[in-house]
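Some notes on the structure that comes next.
What follows draws every value from the coordinates through simple rules; no lab data is involved. Keep in mind the model is a prediction, meaning the values are calculated, not measured. Virtual Cβ from ideal backbone geometry, glycine too; neighbours counted across all protein chains shown.
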Amino acid sequence: MKKIILLSLLIVVANSCKEDWLKLDPIGEKFETNYYQTEEEIFSGLVSAYSILQPKYYSGWSSYYFLANFPSDDSKVVGGGPGDRPEYHEIGEFRTVPTNPAVLQLWRRDFYGVYRANVVVENADPEASPKSKEYIAEAKFLRAYFYFELLRFFGDVPLITGTLNPDEYNQPRDPAEEVFAQIEKDLKEAIPDLPVKTELGSGELYRATKAAGQSLLGKAYLYMASPYYQETYDFPKSANEYYELAAGQFEQVIGSGIYELEDNYDDIWRYSHEHGSGSIFEIEYANINRGGDWGNGRVNGGNIDVQMSGPRGISTDTLLAGWGFDMVSQDLIAAYEAEGDSARKYGTAYGEDFLNKIGASGWEKNEGYTGWFSKKRASWAHLTSESSPEWNYETNERMIRYADVLLMCAEAYLQSGTGDPLSLVNQVRERALLDPLSSVEMKDIKLERRLELAMEGHRFFDLVRWGDAASELGELGFEENKHEVFPIPQSEIDNSNGKLEQNPNY
């Protein structure tokens with residue numbers, strides 16, 4: 001049954017001597033099947049799909065970033081202590097259970113996004129206007145993005161590419177190989193019609209571009225080539241073939257000449273540098289003073305992870321007090337110091353010296369306190385409003401950065417024996433004010449990815465795909481053949497009448 005998405009008033013004019021008004025047809029009634037026929041209608045559906053990227057809090061303290069970052073060795077879950085948001089502590093200590101509410105809301109967030117993208121792809125008229133094909137391409141990009149996230153977190157997931165009838169709601173999980181194939185199909189169809197960044201106006205920079213599509217497709221190929229994915233799934237191509245395909249996509253982004261590294265690493269996450277020279281795809285946040293809604297965080301436009309990451313109980317005019325959950329680990333700080341990497345250390349984290357410098361006082365040091373906070377989600381007072389500040393931080397999420405593309409391309413070159421990985425790695429090191437390498441091995445790329453992309457949600461998934469998670473995270477509780485993926489939410493299994501099956505060992 002199709003859902004009515006727009007109703008207009010039905011105006012009935014009756015004549016006292018006639019009853020033919022009874023036979024009038026409904027006027028202005030719109031359904032999904034006939035709504036997306038103009039440029040404005042297609043765009044409204046696309047905006048709905050983009051908007052589901054924003055929420056990080058529903059009713060279960062969900063955050064796609066936190067669920068990606070907490071299981072890594074870069075982050076320490078602290079907050080008010082072990083009893084404060086136990087679902088986050090479960091994730092950080094590899095004790096996650098199928099009833100974890102944050103995992104449930106992550107699952108729902110991504111499938112909400114899939115549904116909204118499906119509605120546009122399924123119903124939009126590509127000939128409605130010159131922009132229509134662009135908008136449909138962006139919807140395909142978003143569907144690929146949401147499915148890529150689902151694959152990384154959960155493995156096999158239901159593959160849904162259209163509107164379901166009620167008798168089709170109980171969907172089983174489809175093999176990850178099929179979902180990867182759909183991601184590849186969507187992105188290959190989308191890339192030719194996606195806009196180029198230089199063609200977008202200043203108010204359009206949130207939109208997915210050709211480079212974003214190429215970067216995501218290259219990343220999907222890189223995952224399919226990686227040791228864990230090659231061992232776990234039955235892909236139609238060899239690892240070497242996927243590495244070469246990945247390199248081909250990254251080369252197009254690099255060769256476009258549109259992107260370059262920011263001169264100063266510390267500028268990347270500044271408000272003034274949003275959508276900067278090294279930014280390929282960002283999730284947009286805004287300081288819209290609508291107030292918080294603790295029962296449904298989807299109504300807000302701000303980045304609540306900033307509030308979640310700020311120092312707990314702090315008093316200062318520069319930083320507002322946060323809730324102290326996503327602290328930077330001592331292990332990551334040691335990795336920076338071992339490499340002599342001060343630029344990226346202080347671009348990623350700030351510690352007690354900085355707090356004292358700005359005249360801060362009173363911050364809490366609860367169990368697990370590391371002394372270091374995430375600078376990439378610093379709770380700067382000027383980035384939110386006085387009313388309900390926790391909901392209104394306008395710090396964008398940098399989802400795809402040019403440095404990430406350079407390092408992924410270097411990895412694809414090295415593993416496939418093509419191209420020049422050394423020059424790409426040294427570009428990233430040069431910006432970090434480090435000496436160039438004379439040769440490059442996989443261990444060098446792994447280290448550069450950690451130091452460059454720390455506290456951005458990449459580390460855990462990198463360790464999994466490389467097959468390094470057990471050796472690097474075992475002391476934190478990681479179990480091989482279990483924690484590579486998260487549990488399928490139990491309530492979703494129950495709602496499917498048993499069609500969904502749980503991941504092994506949960």
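Overview of results
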| quantity | calculated |
| --- | --- |
| The chain, Cα convex hull volume normalised per residue, Å³ | 167 Å³ |
| Separation of alpha-carbon centers, the stretch 428-474 and the stretch 395-409, rounded to whole Å | 13 Å |
| Gain in span if fully extended, Thr38 to Thr318, counting 0.36 nm per residue against the direct Cα distance | 96.1 nm |
| Calculated P(r) of the stretch 303-426 - Cα pairs past 26 Å, % | 34 percent |
| Cβ crowding within 10 Å averaged over residues, with 201-207, 49-55, 304-310, 38-44 ranked highest first | 304-310, 49-55, 38-44, 201-207 |
| The chain - mean residue ellipticity at 222 nm from DSSP helices (-39,500 (n - 2.57) per run, n ≥ 4, rounded to 500) | -13000 deg cm²/dmol |
| Residues Lys443, Lys345 arranged by fewest to most Cβ contacts within 10 Å | Lys443, Lys345 |
| Over 32 Å between alpha carbons, listed pairs Lys185/Lys446; Lys197/Lys482; Lys56/Lys219; Lys76/Lys443; Lys131/Lys499; Lys197/Lys365 | Lys197/Lys482; Lys131/Lys499; Lys197/Lys365 |
| Euclidean distance between Cα centres, the stretch 194-263 to the stretch 51-126, Å | 24 Å |
| Simple Cβ-charge dipole of the chain, Lys/Arg +1 and Asp/Glu -1, about Cα centre, in debye nearest 20 | 800 debye |
| Highest average packing first - 77-83, 318-324, Cβ atoms within 10 Å | 318-324, 77-83 |
| Selected from Gln415, Leu355, Met399, residue furthest toward positive end of dipole (the stretch 345-434; charges at beta carbon) | Gln415 |
| Fewest-first ranking of Ile136, Ile358, using other Cβ atoms within 10 Å as the exposure measure | Ile358, Ile136 |
| Positive dipole terminus of the chain, leading residue within Val121, Leu473, Pro436 (C-beta point charges) | Val121 |
| Amide H contacts of Ser75 (H built 1.01 Å from N, under 5 Å, at least 5 apart or other chain) | Ser329 |
| Length released on extending from Tyr169 to Glu430, taking residue separation times 0.36 nm less the Cα-Cα span | 88.7 nm |
| Size of the stretch 373-423 as Cα extents on the principal axes (Å, biggest first) | 55, 17, 13 |
| Within the stretch 262-348: Cβ-based charge dipole about Cα centre, in debye rounded to nearest 20 (Lys, Arg +1; Asp, Glu -1) | 440 debye |
| Per-residue Cβ neighbour rank within 10 angstrom, fewest leading, Phe70, Phe235, Phe325, Phe486 | Phe235, Phe486, Phe70, Phe325 |
| Relative contact order for the stretch 372-506, counting Cα pairs under 8 Å that sit 6 or more residues apart, in percent | 13 percent |
| More than 28 Å apart - percent of Cα-Cα pairs taken over the stretch 71-223 | 33 percent |
| Furthest towards positive pole of dipole, Trp372, Ser388, Ala338, structure part the stretch 297-395, Cβ charges | Ser388 |
| Phi-based couplings in Hz for the stretch 301-307 (Karplus 6.51, -1.76, 1.60; Gly and Pro marked x) | x, x, 9, 6, 5, 5, 4 |
| Contact order relative to length of the stretch 297-395, as percent, for alpha carbon pairs under 8 angstrom and 6 or more apart | 42 percent |
| Taking the stretch 138-187 and dividing mean pair separation by its residue count, relative contact order in percent (alpha carbons under 8 Å, at least six apart) | 53 percent |
| Segments 258-270, 161-173 sorted - mean Cβ within 10 Å per residue, highest first | 258-270, 161-173 |
| Principal-axis tilt of helix 132-154 within the chain, Cα atoms, nearest 10 degrees | 50 degrees |
